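Undergrad: Please find one structure pasted underneath; my questions will follow.
The values are calculated or read from the model by the stated rules, or taken from the named source; none is laboratory data. Please read these numbers as outputs of a predicted model, since none were measured by experiment. All Cβ positions, glycine included, derive from the backbone under ideal geometry; neighbour counts span all protein chains shown.
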Amino acid sequence: MAGISLSVEQKVARIVLDRPAKLNSFNREMALELQEALDACVSNTEVRAVYITGSGKGFSAGQDLAEVVDPHGPGMDRILKEHYNPIVRRIFRMPKPVVAAVNGVAAGAGANIALCCDVVVAAASASFVQAFSKIGLIPDSGGTWFLPRLVGWQRASALAMLGDKVTAAEAEQMGMVYKVYPDETFATASWELAVKLAAMPTRGLALTKEALQQSFTQTLDEQLHFEDILQQQAAGTEDYREGVAAFLEKRPAVFKGK
């Protein structure tokens, strides 16, 4: 793969956005490669968590604008329908926890791809920018859906319209990211977080992800009913039986994601 690298270590799929000379901005090839990598994570039973980060100084600067203005390029309609929307849907529906390790600037679609992940952590020097308004566009790649849910209506509206840069510390304070790590420990700490998730009862984590997502569109009674359905599924897993046995036997649990 030219714009994406994929490897599996410690039951974690490491996906690296890998166009550092372009701050990992997306062209068609890179977007399609990321979709392929995400599909591989779903089908590979050895993968129990996914870790997405960027190569070099940035996470992703979003869309490579050279492709947009190319008269032979895919055009905005195809870019959204064939590039970003399928990526966001794959991450959102991934039946395994997905960690976004934002190592540098995350702008435009790059920011929103990060924000659609299950756990977002950032290096202290990282930043987030809804850059769309600077060129007369609206936030895409799920930005208008994820951002207000993470930071609230007023902040989301201001960030989307003004295009202000948000530092990692500010992002943590407003609930945009889970945690910020010092630059010198970021790579190790963020990877260890993904490894920790991979060692957990990941079938239960997938059901937790599903429950949280459904909560935005349901009443309390509907959500209680949905929790009941999912809890019965969780109670039927091998990991649940192992967790209970380990608790009663006072030993560490060994989960298999089954």
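Undergrad: Given the conditions (1) over 22 Å from VAL129 (Cα atoms); (2) exposed (fewer than 14 other Cβ atoms within 10 Å of the Cβ); (3) of a type outside the set (Ser, Thr, Tyr), and given that ALA66 satisfies all but one, which numbered condition is not satisfied?
TA: Here ALA66 clears every test but (1).
Condition check ((1) more than 25 Å from ILE87 (Cα to Cα); (2) within 23 Å of the chain's Cα centre (by Cα); (3) crowded, with 17+ Cβ neighbours inside 10 Å) across all residues:
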| site | (1), (2), (3) |
| --- | --- |
| GLY175 | no, yes, no |
| THR185 | yes, yes, no |
| ALA189 | yes, yes, no |
| LEU193 | no, yes, yes |
| LEU197 | no, yes, yes |
| THR202 | no, yes, yes |
| ALA206 | no, yes, yes |
| PHE216 | no, yes, no |
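Undergrad: Still on this structure: Consider ALA206 carefully, then state whether it is under 19 Å from THR45 (Cα atoms) and at pLDDT 95 or above.
TA: So ALA206 passes the test.
Undergrad: Filter region 170-194 for residues that are in contact (Cβ under 8 Å) with a residue 40 or more places away in the chain, assigned to a helix (DSSP H, G or I) and of a type in the set (D, E, K, R); which is nearest to ALA109 (Cα to Cα)?
TA: GLU172
Undergrad: From the set of residues in region 20-45 that are under 30 Å from ARG203 (Cβ atoms) and either of a type in the set (Ser, Thr, Tyr) or at pLDDT below 95 (or both), which is surrounded by the fewest Cβ atoms within 10 Å (Cβ to Cβ)?
TA: SER43
Undergrad: Determine, yes or no, whether ALA124 is surrounded by fewer than 24 Cβ atoms within 10 Å (Cβ to Cβ) and under 20 Å from PHE26 (Cβ atoms). Reasoning before the result, please.
TA: On the way: surrounded by fewer than 24 Cβ atoms within 10 Å (Cβ to Cβ): yes; under 20 Å from PHE26 (Cβ atoms): no.
It is false that ALA124 is surrounded by fewer than 24 Cβ atoms within 10 Å (Cβ to Cβ) and under 20 Å from PHE26 (Cβ atoms).
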